[in-house]
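Note sheet for the following structure.
The values are calculated or read from the model by the stated rules, or taken from the named source; none is laboratory data. Fair warning: this is a prediction, and the values are worked out from it, not measured in the lab. Glycine also receives a Cβ, built like all others from the backbone with ideal geometry; neighbour counts cover every protein chain displayed. The accessibility values were calculated without ligands, DNA or RNA, using every heavy atom of the protein model including side chains. Shrake-Rupley method; radii C 1.70, N 1.55, O 1.52, S 1.80 Å.
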Amino acid sequence: QVQLVESGGGLVQTGGSLSLSCTASGRVFSVNSMGWYRQAPGKQREMVARISSSGSTNYADSVKGRFTLSRDNTRKTVYLQMNSLKPEDTAVYYCTAVIYGGDYWGQGTQVTVSS
């Protein structure tokens with residue numbers, strides 16, 4: 001059974017930094033694209049950043065220049081470094097991955113940025 005295990009998140013002040021990580025576990029030998037989405041209260045889930053198996057990245061305009069997405073294919077892990085955080089970055093962040101043609105999601109981790 002495939003699972004995405006997230007870690008990181010928490011509470012930080014405006015301008016601070018946080019990092020998230022997500023590891024694919026279970027019967028997984030390779031992972032296609034990976035990434036992060038987020039959902040703020042009362043809003044739709046939105047893409048934050050995605051990275052292909054070859055390392056090509058795609059960022060939401062709202063996080064470009066502040067967030068950096070990377071991955072370690074050997075560890076089947078994706079990392080999101082979030083700098084210069086703003087209150088509007090407050091949301092539940094969800095890891096996602098395409099594995100053997102299927103879409104998988106993590107359980108979500110809370111990121112709260114205080115003003």
Margin query: Looking only at the stretch 44-88, how many residues end up being over 22 Å from GLN13 (Cα atoms) and not small (Gly, Ala, Ser)?
Written below: 17
Next item on the list: Kindly provide the set of residues from the stretch 1-14 that are open to solvent by 50 Å² or more (accessible area, probe 1.4 Å) and not hydrophobic (A, V, I, L, M, F, W, C), ordered by number.
Entry: GLN1, GLN3, SER7, GLN13, THR14
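Here is a yes/no grid of residues against (1) modelled with pLDDT of 95 or more; (2) β-branched (Val, Ile, Thr):
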position	(1), (2)
GLY65	yes, no
GLY102	no, no
TRP105	yes, no
GLY108	yes, no
VAL113	yes, yes
Note to self: I need the full set of residues from the stretch 79-96 which are open to solvent by less than 60 Å² (accessible area, probe 1.4 Å), within 12 Å of ALA60 (Cβ to Cβ) and assigned to a helix (DSSP H, G or I), in order please.
What the structure shows: ASP89
Notebook entry, point to check: Filtering the stretch 83-115 down to residues that are among the aliphatic types (A, V, I, L, M) and touching an Asp or Glu at 6+ places or on another chain (Cβ under 7 Å), which residue is farthest from SER30 (Cα to Cα)?
Noted result: VAL113
Next item on the list: Select from the stretch 48-78 the residues that are among the hydrophobic types (A, V, I, L, M, F, W, C) and either open to solvent by 50 Å² or more (accessible area, probe 1.4 Å) or not in a strand (DSSP E or B) (or both) and list them in ascending order.
Entry: ALA60, VAL63
